[in-house]
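The values are calculated or read from the model by the stated rules, or taken from the named source; none is laboratory data. Model, not experiment: these values are computed from the prediction. Cβ: placed from backbone, ideal geometry, glycine included. Neighbour counts: every protein chain shown.
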């Protein structure tokens, strides 16, 4: 179904934690569609979990990227420039909030926790985009991952709701700013998935069960489902699609 749709394209995928992560689902779909991919790992602790994924992908580049570490993001994009010279797409699939702030009420979120959540989850997209622009002289596509909690209050999502709201606002402003360069910026908003990142949310199993019962399709989405829409959004089929939030949630977001 996806074969050759991305033939000749090259992309960076940031945020693979293991083979079950959303970013991995996207990367596998990109490869199936014919793209070359560069992938990153957050630190040495995470590297053993990401290495098998990079090997399965036959990744052209496998690089460390802690977005809080000075110079690492710049080094990744310099390596891409040296290897490929150009870049067709970027997937930003990272978010973080300290556990105490994530599990507590929004009114009790610490200043430091909020700042760190915004830096890793939102500002890193801005920095990534800034570095990608020179590598996209003929245009390109930038994707990030959001969640329905950005739009409506979701129990136990807490401070990540406002953080994802900021991310979606950033997507719209970047899309407007980069449109004249033919660089498209979109977000995918998947329903709850049983990933390592998702499991960090308090009462996550309850959230997953509720989503499955309320979604019109009465089923959960998979990382493969997210990967398929990601391929479409970075392909030329979506050449006029930018500033959008693409829901991949079995219709959950239409329910009152």
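Some notes on this structure:
- For region 163-190, a residue qualifies if it is crowded, with 18+ Cβ neighbours inside 10 Å and either at pLDDT below 95 or assigned to a loop (DSSP other than H, G, I, E, B) (or both), and exactly one does: 190.
- On the stretch given as region 171-188, residues that are in contact with a helix residue (DSSP H, G or I) (Cβ under 8 Å, 6 or more places away or on another chain) and farther than 15 Å from residue 93 by Cβ total 5.
- For region 137-162, the set of residues classified as part of a helix (DSSP H, G or I) and within 19 Å of residue 193 (Cα to Cα) consists of 148, 149, 150, 160, 161, listed by residue number.
- If the condition is being over 23 Å from residue 137 (Cα atoms) and surrounded by fewer than 20 Cβ atoms within 10 Å (Cβ to Cβ), then region 4-27 contributes 18, 19, 20.
- Qualifying positions in region 61-94 - part of a helix (DSSP H, G or I) and surrounded by fewer than 19 Cβ atoms within 10 Å (Cβ to Cβ): 72, 74, 75, 78, 79, 81, 82, 83
- Look at (1) at pLDDT 85 or above; (2) touching a helix residue (DSSP H, G or I) at 6+ places or on another chain (Cβ under 7 Å); (3) part of a helix (DSSP H, G or I); (4) more than 16 Å from residue 244 (Cβ to Cβ) and you find that residue 134 fails only one, number (2).
- Of residues in region 224-253 being within 21 Å of residue 167 (Cα to Cα) and modelled with pLDDT under 95, the one nearest to the chain's Cα centre (by Cα): 248
- Which listed residue, of 193, 207, is part of a loop (DSSP other than H, G, I, E, B), at pLDDT below 95 and crowded, with 17+ Cβ neighbours inside 10 Å: 193
- Residue, nearest to the chain's Cα centre (by Cα), within region 97-115, restricted to residues that are outside any helix (DSSP H, G or I) and closer than 20 Å to residue 150 by Cβ: 97
- Residue 136 under 20 Å from residue 229 (Cα atoms) and touching a strand residue (DSSP E or B) at 6+ places or on another chain (Cβ under 9 Å): no
- Being touching a strand residue (DSSP E or B) at 6+ places or on another chain (Cβ under 8 Å), more than 25 Å from residue 238 (Cβ to Cβ) and in contact (Cβ under 8 Å) with a residue 40 or more places away in the chain holds for only one residue in 117, 79, 27, and it is 79.
- The residues listed here are 233, 207, 237, 220; of these, the one that is in contact (Cβ under 8 Å) with a residue 12 or more places away in the chain and in contact with a strand residue (DSSP E or B) (Cβ under 9 Å, 6 or more places away or on another chain) is 233.
- Restricting attention to region 36-56, the residues that are touching a helix residue (DSSP H, G or I) at 6+ places or on another chain (Cβ under 8 Å) and either surrounded by 24 or more Cβ atoms within 10 Å (Cβ to Cβ) or under 22 Å from residue 238 (Cβ atoms) (or both) total 4.
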